[in-house]
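Notes to accompany the following structure.
The values are calculated or read from the model by the stated rules, or taken from the named source; none is laboratory data. Because the structure is a prediction, the values reported are computed rather than measured. Don't worry about glycine lacking a Cβ; one is built from the backbone with ideal geometry, like all the others, and counts go over all protein chains shown.
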Amino acid sequence: MRPLILDMPNGRELIDELDSATGQMMSLSVEHIGSSKWLEATARQQQAFTNWREYLHRMADWRIRVDAMKVA
């Protein structure tokens with residue numbers, strides 16, 4: 001039986017963001033490589049890819065990674 005995961009991100013939104021971010025990066029001309037526009041676009045694309053990959057890992061093993069709580 002699958003656990004109920006209420007705080008799971010929406011996979012469709014994540015892949016749409018990855019597509020959009022990749023499209024933005026690919027739309028820049030070669031003259032923009034290394035510029036602030038390029039760095040912003042690549043950072044957005046890398047973050048979108050990271051979010052998508054984490055989503056896939058969660059879906060594959062049905063677990064949510066939980067960071068250890070810091071207790072004072």
Qualifying residue in the stretch 2-19 (condition: at pLDDT 95 or above, over 10 Å from the mean Cα position of the chain (by Cα), part of a helix (DSSP H, G or I) and not charged (D, E, K, R)): no
Some residue of the stretch 40-50 being touching a Lys or Arg at 6+ places or on another chain (Cβ under 6 Å) and either modelled with pLDDT under 75 or assigned to a helix (DSSP H, G or I) (or both): no
Close pairs from the stretch 15-35: first in contact (Cβ under 8 Å) with a residue 24 or more places away in the chain, partner of a type in the set (A, V, I, L, M), Cβ under 6 Å, at least 6 apart: Glu17/Ala48; Leu18/Ala48; Ala21/Ala48
Scope the stretch 20-36; condition in contact with a helix residue (DSSP H, G or I) (Cβ under 7 Å, 6 or more places away or on another chain) and assigned to a helix (DSSP H, G or I); matching residues: Ala21, Thr22, Gln24, Met25, His32
